[in-house]
């Protein structure tokens, strides 16, 4: 009797990070249920087109595309047409194959198949019985999986904390399934096959199937220095694009950089450059240190190989999930971490890893065999169990083909306070730490926050840059003072950017070094005449901080006072009020100051008149205004109009000043 085939559809792709776990589960499914018949659905010219045929699984193609950024009608229409085509083709395949279940690993590639299965179930009122299971690799759900989770019957997750973001009773912990084809090979035989001596120190770097620009460039730019040690070998999987249209070609990029490094013939032999690496087990076995990204697939695979790693996580994506992954492995003692950065001071907006930091970190690890051994041992213990087996058991149970598996709990992450903070929440968090509502920042948190601020400065959005300025001021990030001075002084800056630059400089003046004094002084002068009123009063607020930190010459005082007197006639009351307060803190010519103040004694806005009362208090405390003059002058000021506030603030300020003068008289 012919054995009945039980059919399954697997989908997911675009990158190796989505395809690899799917293939790992497919292999385990065939092992557990030999009669299973698996069909893979993907998109042409993506990773699945290269990887799936090699394992003998039939591959079908549908059309799909990522959701376009922005609201362009043309792009949205094109996206809608593509998705309709993909859904239609996926629905036909589903009706033809009639699978027991669809298993999806995310990415836009899996969207047509998952949603077609869901639509068919709804449209046939349950007659189409295909079950849906998806797997989420990272701590935070990807865009596709966030939507697909509502359609799925079950969601397997790599990290336990992801379950709380899912609909109730849908999530279960499985871990990240890695390819069983990557067997642990013997070190000496692997090195013999690759032509590497047994006593060499081998660095194996890769950044996914299509390559990582950051890893590629830091490794290639460090090649000359690393290979100065004749016992060092580098294996570099630079990646290659799938299809004819691509944004980045890793292998070509690295090849171009290496040409400029002028490596000797002997050094070239010790730099093994590859594009796409199939036999990962061979290269893992030959290596002493891995250089990787922090995608779930990479870190789980490397840890299961028991290899120490140097992780360079992608910054500013997916709620910082790669940084979270990297810090998790680092805390476990299995990795060192280098963070991507940008260099907004020098106009470098593309994220990179610092070559000097990279070489120094590699050198320290290479010279500490005991530490490397400890990292290797720690790596083996981070991800126990067999994730592919857990997923298959749950998949078969979902299809009524097996018993209910026991629930398994994964290792919990330690929550990082600064991860996932965007430009708005970062500023609020820093305000809380400064006020004492949050505990003080630790050194590694400060490092991460500075990294985040650099990334914000590298944005092309002036609103984001403005928030970066404010956050820098709160943090006291002195390294970016030259950049903020540039924004403040540039009359072509967006108005709110120059305003917030001065707001930051008011705080950063306290940590500004002397060599930046002149630039800061000139920026303030420029800001006092800026066409945007908020920039003018924000610049005025910088004057006292500047004077207190650096002191001012008589010439500088004169220039400041000239512009402040001019601003006391400004059409904007905030500019008039701040000009009064700034002048009170630096003026030494009381007669001239009172002459200009007197023009505002009956100002139409009560807040300007209150600023004058506050200015008198400042002058008295500075000891440059005598009590008799103050007493006679304040009686000339109009103190009516409460500005529709619940308290009579102007009168309150007046009474406070009278009390101060009375105390002065008694003394």
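The values are calculated or read from the model by the stated rules, or taken from the named source; none is laboratory data. Computed from a predicted model, the values in this text were never measured in an experiment. A quick note on method: Cβ atoms are made from the backbone with ideal geometry, for glycine too, and the neighbour counts reach across all protein chains shown.
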- How many of the residues making up the range 152-176 are at pLDDT below 90 and either within 25 Å of the chain's Cα centre (by Cα) or buried (at least 19 other Cβ atoms within 10 Å of the Cβ) (or both)? 11
- Task: For the range 441-458, name all the residues that are touching a residue at least 40 places away in the same chain (Cβ under 8 Å) and surrounded by 16 or more Cβ atoms within 10 Å (Cβ to Cβ).
- Result: 448, 451, 452, 454, 455, 457, 458
- Message: Looking at the range 131-144 only, could you name the residues that are crowded, with 17+ Cβ neighbours inside 10 Å and either in a strand (DSSP E or B) or touching a residue at least 40 places away in the same chain (Cβ under 8 Å) (or both)?
- Response: 131, 132, 133, 134, 135, 136, 137, 138, 139, 140, 142
- Query: If you go through the range 153-168, how many residues are without any contact (Cβ under 8 Å) to a residue 40 or more places away in the chain and in a loop (DSSP other than H, G, I, E, B)?
  - Reply: 3
- Please state which one of 351, 355, 406, 334 is within 30 Å of residue 25 (Cα to Cα) and in contact (Cβ under 8 Å) with a residue 12 or more places away in the chain. 334
- Could you please give the count of residues in the range 89-114 that are over 30 Å from the mean Cα position of the chain (by Cα), touching a residue at least 12 places away in the same chain (Cβ under 8 Å) and in a helix (DSSP H, G or I)? 8
- The lone condition residue 385 fails out of (1) surrounded by 18 or more Cβ atoms within 10 Å (Cβ to Cβ); (2) in a loop (DSSP other than H, G, I, E, B) is (1)
- Conditions: (1) in the same structural domain as residue 305 (by TED's automatic domain parsing); (2) assigned to a strand (DSSP E or B). Residue 197 meets all but one. Number of the miss? (2)
- Query: Which numbered condition trips up residue 229, out of (1) in a loop (DSSP other than H, G, I, E, B); (2) without any contact (Cβ under 8 Å) to a residue 60 or more places away in the chain; (3) within 21 Å of residue 283 (Cα to Cα); (4) more than 29 Å from the chain's Cα centre (by Cα)?
  - Reply: (2)
- Query: What do you reckon, is residue 254 within 25 Å of residue 229 (Cα to Cα) and either under 24 Å from the mean Cα position of the chain (by Cα) or buried (at least 20 other Cβ atoms within 10 Å of the Cβ) (or both)?
  - Reply: yes
- Note on the structure: Out of (1) modelled with pLDDT under 95; (2) surrounded by 14 or more Cβ atoms within 10 Å (Cβ to Cβ); (3) over 16 Å from residue 12 (Cβ atoms), the one residue 89 does not meet is (1)
- Task: Please enumerate the residues belonging to the range 45-80 that are loosely packed, with under 13 Cβ neighbours inside 10 Å, under 17 Å from residue 111 (Cβ atoms) and modelled with pLDDT of 90 or more.
- Result: 80
- The condition from (1) closer than 25 Å to residue 498 by Cα; (2) surrounded by fewer than 18 Cβ atoms within 10 Å (Cβ to Cβ) that residue 420 misses is numbered (1)
- Query: Restricting attention to the range 25-51, which residues are under 23 Å from residue 394 (Cα atoms) and assigned to a loop (DSSP other than H, G, I, E, B)?
  - Reply: 33, 34, 35
- Can you confirm whether the range 74-87 contains a residue that is within 27 Å of residue 396 (Cβ to Cβ), part of a helix (DSSP H, G or I) and in contact with a helix residue (DSSP H, G or I) (Cβ under 8 Å, 6 or more places away or on another chain)? no
- Checked against (1) more than 30 Å from residue 462 (Cβ to Cβ); (2) within 15 Å of the chain's Cα centre (by Cα), residue 302 satisfies every condition except (2)
- Query: Within the bounds of the range 368-375, is there any residue that is outside any loop (DSSP other than H, G, I, E, B) and surrounded by 19 or more Cβ atoms within 10 Å (Cβ to Cβ)?
  - Reply: yes
- Taking the range 578-607 as the region of interest, how many residues are closer than 23 Å to residue 549 by Cβ and either surrounded by 17 or more Cβ atoms within 10 Å (Cβ to Cβ) or in contact (Cβ under 8 Å) with a residue 40 or more places away in the chain (or both)? 11
- Any idea which of (1) more than 30 Å from the chain's Cα centre (by Cα); (2) free of Cβ contacts under 8 Å to residues at least 12 places away in the same chain is the one residue 71 doesn't satisfy? (1)
- the range 233-256, subset assigned to a loop (DSSP other than H, G, I, E, B) and touching a helix residue (DSSP H, G or I) at 6+ places or on another chain (Cβ under 9 Å), residue modelled with the highest pLDDT: 238
